[in-house]
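S.K.: First the structure, which I've put down as structure tokens, then a few questions once you've had a look.
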Amino acid sequence: MPLGSVDAVAFDTETTSLDVRKARIIEIAGVRIKSGRIELNSAHACLINPEGHIPESSTKVHGITDGMVGDSPPFRDAVVEFVDWCGSSLLLGYSVEFDLAVLEAEHGRCGVLWLSPEVLDVQELVQVLRPDIDNWTMESVAKWLSVNVEDRHRALADAKLTAEIYCRLLPLLQDAGITTVGEARRICQTKRQETFFSRHTTRKQIEPPNFHSFPYRCRVGDVMSRPAAIIDRGVSLRAAVGRMVDQGVTSLFVSGFEDSKHGILTESDVMRAISGKGDLAMSEPSGLHCSRPLRTVAEKEFVYRAIVSMTSFGIRHLGVVSGDGSLVGAVTAKDTFGSHGSDAISLGNEIEAASTPAELGRVWSDLSAVARSLLNSSVEPRKISAVISRELRAMTTKSCDLAQSEIVSKLGSPPVEFTVLVLGSGGRGESLLAMDQDNAIVFGGDVGTDAGWFIEFGKLMNSILHQSGVKSCPGGIMASNPEWCRHTGAWRSTISEWMTRTGPSDLMNVDIFFDAMPVYGHSGIAGDLRQSTLAEAKVNRPFIARLAKRACEINQPFGMFGRWKLDGRRRVDLKMHGLMPLFSAARALALENGIQARSTAGRLAAAADAGACDRTLTQDLMTAHGIILGTVLRQQLRDSDNGVALSNSISPAELSNFEKQELRWAVLQVPRIADLLGVPAVI
């Protein structure tokens, strides 16, 4: 989870001495930090009776006397209250090793098992950022960060000061490439010698209990009722109830409204009508009693997304629409929840409820936990990557919502209709946890429409995504870049120009664009542009040939005697050596044959069904694709646990013998794309 999104408690203790063997805790306090903001109205402070004399030398430091703690609870009672108040929050301390050592000693005196909690030492973070500072005391660091210092050496005041310093460090840490809790923990551990804290740090169980993978494996179209039961708004309520009984359904869609939008009539609507008007209501038109507008979900959405919509809006029925927006069915809470409870609700709700980038970043905790649980449930890696991609697109949509609210207040409404596209792996539905931004804006209007509003919107959207943990694209493929924020006419010209060039960057740009998925705004603009460019690409044989040739330029990751070629980190980049050739080949095949699918597996399967390639070869390549995706995802989860920055590289040394053999087979299939495309392989 991003550092700015995690719930944390900055805490401090005051003691009777600085000798860990003798020191007794006489005060403990904490201040909450939520989504990168200090909640000063949510603090906890408690004096503790040490059941012994407080030395005067100690009192001179913190001002706490025997008389002040006489009626206070003993440590055992006070610490239980403090732990309950902290909950599962990440703890922050300043030079925290001493506090942890005294807490461990106090636990020992009480005969209670000590397990060190999740803790970050704020002083160590300062040392990572500013190793050149001579003095890392709280006062010196506070001065560097322009933080006011008040009432030092009381637990609550020092906890507040720790919280202030930490919040000032967050943007500096992000600039230094330290964005997650795991990365911060790891960088601190590598900076220090073996210490008490590093020996005793424990981890929380992150896999959700009783996890059900059904909502993440199945699509809405698999569970919906079809066809949709639709009545005209003028049909009487009595006739509508009769139709519900005859068809054995609990709701009907209602049409015939002037705005062409459907409504929904449920059993609850009928009961409310009868409760209000009695039998008279039964003769009235159904359109008077239905609920509008009808909430809908796409037929190809995952079931968990339908669950999120129902819980968000407090409803039990959704209309199901096809790709062209036609109403094709209905789905109910019974269809989606079944025996699966609410496991699927939190993923998605975090996004829907977010009002700041920090709150949006909280989704990473649920997303990684769901990915881990799906892997443990033997769910196909491609389905897991589709779930991750869905949430990347949802985060982009929410970032657009937040950005538009702010931009409209400054610059007014957008001058013309526009749409935001997620490109590359996010559009294909093949993202993993090491994702960055690939997005663009297409806007309509006249050719001379000023892009200024959209550039500012893109800058803010990209910034929100970056702050929430979806890092900026190193290559600048983002909506804030004027090259990726264009009028529809300019986009057509640009894409046509890309297709005539032979440079690697031109081919990469056009490749990325063909995977685009609209996520915000007027999707019809993007749809028209995509169809016209797909049609142009299909008849451009030289362009298709260049794409195929580039896909077959494969650099196998094996050296002498079949050993893996490892980079400086003892790793192998499986995107370069496996995923990229596969999705590039599938894309070229799709463009050549007019295939609309975006995913690699969908493109390969459609090509085989159309007789454009050998089915057995296609199946082998699809299997290899799934194996490579799963290997990378498992590595990312291990790296996440260890605070290693996520990437598409894997460590062969960390694989089991079976995993090594399986991965070797998968990577050796990749050169066979030359047979798929009919291009001589360049290895």
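S.K.: If you filter region 228-316 for GluC sites (Glu not before Pro), then keep DSSP loop positions with at most 15 other Cβ within 10 Å, what is left?
M.R.: Glu258
S.K.: HN-Hα J couplings of region 230-237 from phi, Karplus 6.51/-1.76/1.60, θ = phi - 60°, integer Hz, Gly and Pro as x?
M.R.: Per-residue couplings from phi come out as 10, 10, 6, 4, x, 5, 5, 4 Hz.
S.K.: Here is a further query. Report the net charge of residues surrounding Ser286, where surrounding means a beta-carbon distance below 9 angstrom and charges are Lys +1, Arg +1, Asp -1, Glu -1. Can you show the working numbers first?
M.R.: On the way: positive: Arg233; negative: Asp232, Asp269, Glu284.
Net of charged neighbours comes to -2.
S.K.: Can you tally the net charge around Ser322? Count Lys and Arg as +1, Asp and Glu as -1, for every other residue whose Cβ sits under 14 Å from the Cβ of Ser322. Before the final figure, lay out the partial values.
M.R.: Numbers: positive: Arg219, Arg226, Lys300; negative: Glu299, Glu301, Asp324.
Net charge around Ser322: 0.
S.K.: Report the relative contact order of region 432-522, percent, no decimals, based on alpha-carbon pairs under 8 angstrom and at least 6 residues apart. Numbers along the way, then the final one.
M.R.: Numbers: 89 pairs, mean separation 29.0, N = 91.
Across region 432-522, relative contact order equals 32 percent.
S.K.: Separate question: Across 10 Å bins from 0, what is the distribution of all Cα-Cα pair distances for region 540-683, in whole percents?
M.R.: Whole-percent P(r) values from 0 Å outward: 12, 41, 31, 15, 2.
S.K.: Rg to Rh ratio, region 8-200, alpha-carbon atoms and Kirkwood radius? Mind showing how you got there, number by number?
M.R.: Values: Rg = 16.4 Å, Rh = 17.2 Å.
Rg/Rh for region 8-200 comes to 0.95.
S.K.: Suppose R0 equals 60 Å; then what is the FRET efficiency for Glu39 and Gln556 from their Cβ-Cβ distance, rounded to the nearest 0.05? Provide the component values of the computation, followed by the final result.
M.R.: Values: r = 54 Å, r/R0 = 0.91.
It comes out at approximately 0.65.
S.K.: For region 1-91, run through the trypsin sites (Lys or Arg not before Pro) and keep only the ones in DSSP coil with at most 15 other Cβ atoms within 10 Å of their Cβ. Let's see the in-between values first.
M.R.: Numbers: sites: Arg21, Lys22, Arg24, Arg32, Lys34, Arg37, Lys60, Arg76; in loops: Arg21, Lys22, Arg24.
Loop-located and lightly packed - Arg21, Lys22.
S.K.: While we're here: Can you give the relative contact order of region 214-347 as a percent, counting alpha carbon pairs under 8 Å and 6+ residues apart? List each step's numbers first, then the result.
M.R.: Numbers: 231 pairs, mean separation 42.8, N = 134.
Over region 214-347, the number comes to 32 percent.
S.K.: For Arg563 and Asp175, compute 0.36 nm times the residue count separating them, minus their Cα-Cα distance, and round to one decimal in nm.
M.R.: Gain on extension, Arg563 to Asp175, equals 135.9 nm.
S.K.: Report the label-to-label distance for Asp77 and Cys110 in nanometres (one decimal), using points 7 Å from each Cα along the Cα→Cβ vector.
M.R.: Rounded to a tenth, the inter-label distance reads 1.2 nm.
S.K.: Stick to Cα atoms and the Kirkwood definition of Rh, then tell me Rg/Rh for region 368-436. Before the final figure, lay out each step's value.
M.R.: On the way: Rg = 15.8 Å, Rh = 13.8 Å.
On the Cα set of region 368-436, Rg over Rh gives 1.14.
S.K.: Another question, then. For the chain, with the dipole built from +1 on Lys and Arg beta-carbon atoms and -1 on Asp and Glu ones, taken about the Cα centre, which of Gly256, Phe11, Ile315 lies farthest toward the positive end?
M.R.: Of the candidates, Gly256 comes out farthest on the positive side.
S.K.: Through the Karplus equation 6.51 cos²θ - 1.76 cosθ + 1.60, θ set to phi - 60°, convert the phi angles of region 284-291 into ³J(HN,Hα) values in whole Hz; use x for Gly and Pro.
M.R.: My calculation for region 284-291 gives 7, x, 4, x, 6, 10, 7, 9 Hz in order.
S.K.: For region 258-311 and region 169-188, what is the centre-to-centre distance using only Cα atoms, to the nearest Å?
M.R.: Using only Cα atoms to place each centre, the spacing works out to 48 Å.
S.K.: Quick one: net charge of Asp175's neighbours, Cβ under 15 Å, K/R +1, D/E -1?
M.R.: Numbers: positive: Arg130, Arg168, Lys471; negative: Glu183.
Residues close to Asp175 contribute a combined charge of +2.
S.K.: Further question: Only bridges with both residues in the chain count here: give the DSSP antiparallel percent, nearest 5. Intermediate values should be presented prior to the final figure.
M.R.: Values: 42 of 61 bridges.
Roughly 70 percent of the beta bridges in the chain run antiparallel, per DSSP.
S.K.: Still on this model: Just to be sure I understand the model, the point goes 7 Å from the Cα along the line to the Cβ. What's the resulting Ser322 to Asn657 distance in nm?
M.R.: Each label point lies 7 Å from its Cα, and together they span 5.3 nm.
S.K.: With charges only on Cβ, +1 for K and R and -1 for D and E, what is the dipole size of the chain about its Cα centre, in debye, rounded to 20? Don't jump to the answer; show the numbers that get you there.
M.R.: Values: 72 positive and 80 negative charges, 410 e Å.
Computed charge dipole of the chain: roughly 1960 debye.
S.K.: Go ahead and run the numbers for FRET between Thr250 and Lys538, Cβ-Cβ distance against an R0 of 45 Å, rounding to 0.05. Provide the component values of the computation, followed by the final result.
M.R.: Working: r = 46 Å, r/R0 = 1.02.
So the FRET efficiency works out to roughly 0.45.
S.K.: Okay, moving on. When all alpha-carbon pairs of the chain are counted, what percent fall beyond 38 Å?
M.R.: On the way: 110914 of 232903 pairs.
That fraction is 48 percent.
S.K.: Among Val128, Val644, Leu676, whose Cα projects farthest towards the positive end of the dipole of the chain, with charges put on the beta-carbon of Lys, Arg (+1) and Asp, Glu (-1)?
M.R.: The residue sitting most towards the positive pole is Leu676.
S.K.: With the cut-off at 27 Å, tell me which of the pairs Lys398/Lys471; Lys383/Lys549; Lys334/Lys383 have Cα atoms farther apart than that.
M.R.: Numbers: Lys398/Lys471 16 Å; Lys383/Lys549 29 Å; Lys334/Lys383 23 Å.
Violating the 27 Å Cα-Cα cut-off are Lys383/Lys549.
S.K.: Report, by chain and number, residues whose modeled amide H sits under 5 Å from the one on Phe558, excluding near sequence neighbours (fewer than 5 apart, same chain).
M.R.: The list, which skips near neighbours in sequence, is Lys565.
S.K.: Between region 530-547 and region 579-599, how many Å separate their Cα centres?
M.R.: Taking the Cα centre of region 579-599 as reference, the centre of region 530-547 is 12 Å away.
S.K.: Where the centroid of each part is defined by its Cα atoms, how far is region 11-73 from region 415-460 in Å?
M.R.: Region 11-73 and region 415-460 have Cα centres separated by 52 Å.
S.K.: Out of Met508, Gly521, Ser425, whose Cα points farthest toward the positive end of the dipole of the chain (charges: +1 Lys, Arg; -1 Asp, Glu; placed on Cβ)?
M.R.: Met508
S.K.: On to the next question. Could you pull out the GluC sites (Glu not before Pro) across region 37-137 that fall in loop regions by DSSP (anything but H, G, I, E, B) with no more than 12 other Cβ atoms inside 10 Å?
M.R.: Values: sites: Glu39, Glu51, Glu56, Glu81, Glu97, Glu104, Glu106, Glu118, Glu124; in loops: Glu51, Glu118.
Answer in residue order: Glu51.
S.K.: Using only the Cα atoms of region 214-347, what are the Rg and Dmax in Å?
M.R.: Cα only, region 214-347: 15.1, 46 Å (Rg, Dmax).
S.K.: Pairs of Cα atoms under 8 Å, at least six residues apart: use those to get the relative contact order of the chain, whole percent. Present the calculation step by step, with values, prior to reporting the outcome.
M.R.: On the way: 1126 pairs, mean separation 69.4, N = 683.
This gives 10 percent for the chain.
S.K.: Taking a label point 7 Å from the Cα of Ser275 along the Cα→Cβ vector, which residues of region 250-266 have an amide N closer than 18 Å to it?
M.R.: 251, 265-266
S.K.: Right, another one. For region 214-347, give the magnitude of the charge dipole about the Cα centre (Cβ charges: +1 Lys/Arg, -1 Asp/Glu; no others), in debye to the nearest 20. Don't jump to the answer; show the numbers that get you there.
M.R.: On the way: 15 positive and 14 negative charges, 36 e Å.
Roughly 180 debye, rounded to the nearest 20.
S.K.: Here is a further query. Separation between the Lys334 and Ser260 pseudo-spin-labels, each 7 Å from Cα along Cα→Cβ, expressed in nm?
M.R.: Modelled inter-label distance: 3.4 nm.
S.K.: Let me ask something additional. Looking at region 8-200, what % of its DSSP beta bridges pair antiparallel, to the nearest 5? Please report the intermediate quantities before stating the final value.
M.R.: Numbers: 16 of 23 bridges.
Expressed as a percentage, antiparallel bridges in region 8-200 total about 70.
S.K.: Moving to a separate point now. Non-local amide H neighbours of Val297 (under 5 Å, H modeled in plane, Pro and chain starts lacking H): which ones?
M.R.: Gly319, Val320, Val321
S.K.: Here's something else I'd like to know. Determine the percent antiparallel among the DSSP beta bridges restricted to region 214-347, to the nearest 5. Before the final figure, lay out the partial values.
M.R.: On the way: 13 of 19 bridges.
Approximately 70 percent, going by the DSSP bridge assignments.
We did not get these values from a lab; they are worked out from the coordinates using the rules stated. These figures come from a predicted structure and were not determined experimentally. Neighbour counts are summed over all protein chains in view; Cβ atoms, including those assigned to glycine, are modelled from backbone coordinates with ideal geometry.
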